[in-house]
Ligand code: SF4
Ligand code: SF4
């Protein structure tokens, strides 16, 4: 097996990283001064992490949802889907999209399922948040709400609101900026 990019997916996991290295591109990594959305300097195409034994703890401890969830088929493997799914603060689901394929999450293979999950989470006050660089969307049952600046996923919440005289929702970002839903 090829050396994995982040984790030596053991028997406790539903899947193995195999040839996927997408988290080595999409996440920022302070220890290596690696920016979000840029390949790590230690990521080697076809071979994995060149410092695997000494990789930062953040790399050792990250497990995307595809790794852990056996109900997600091979089409959801991050390097195939072009996005990473992870559970974040508040029980929200983040869809971290490869900026090179910003519309990947809207593909027919994924979007209907994401919409369904968003509707289920919405009932529990949680949300599916699409992150594309520093911008993104909150997927609501009724519509997808663009978020121009997405600095802190944990700071996002949805509040009921009356907009133009109709019941609607307002997306609150970082306690200071509000986007009309
Ligand atoms: S995104 Fe998931 S499957 Fe891909 S390398 Fe990272 S942990 Fe493994
Ligand atoms: S150090 Fe290795 S595991 Fe961590 S992001 Fe870089 S290539 Fe990936």
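FYI, it's all coordinate maths here, none of it is from the lab. Note that the structure is a prediction, hence the values are computed from the model and not measured. Cβ sites come from the backbone with ideal geometry, for glycine too, and all protein chains shown count toward neighbours.
In table form, for the structure just shown:
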read-out	value
Selection within region 26-42 - closer than 21 Å to residue 76 by Cβ and near ligand 2 (Cβ under 8 Å from one of its atoms)	27
Some residue of region 113-120 being surrounded by 15 or more Cβ atoms within 10 Å (Cβ to Cβ) and touching a helix residue (DSSP H, G or I) at 6+ places or on another chain (Cβ under 6 Å)	no
Among (1) in contact (Cβ under 8 Å) with a residue 40 or more places away in the chain; (2) part of a strand (DSSP E or B) - the single one residue 136 does not satisfy	(1)
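Per-residue answers, yes or no, for (1) within 11 Å of ligand 1 (Cβ to nearest atom); (2) under 23 Å from residue 133 (Cβ atoms); (3) surrounded by 17 or more Cβ atoms within 10 Å (Cβ to Cβ):
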{"position": "18", "(1), (2), (3)": "yes, no, no"}
{"position": "21", "(1), (2), (3)": "yes, yes, yes"}
{"position": "25", "(1), (2), (3)": "yes, yes, yes"}
{"position": "30", "(1), (2), (3)": "no, yes, no"}
{"position": "34", "(1), (2), (3)": "no, yes, yes"}
{"position": "38", "(1), (2), (3)": "no, yes, no"}
{"position": "54", "(1), (2), (3)": "no, no, no"}
{"position": "57", "(1), (2), (3)": "no, no, no"}
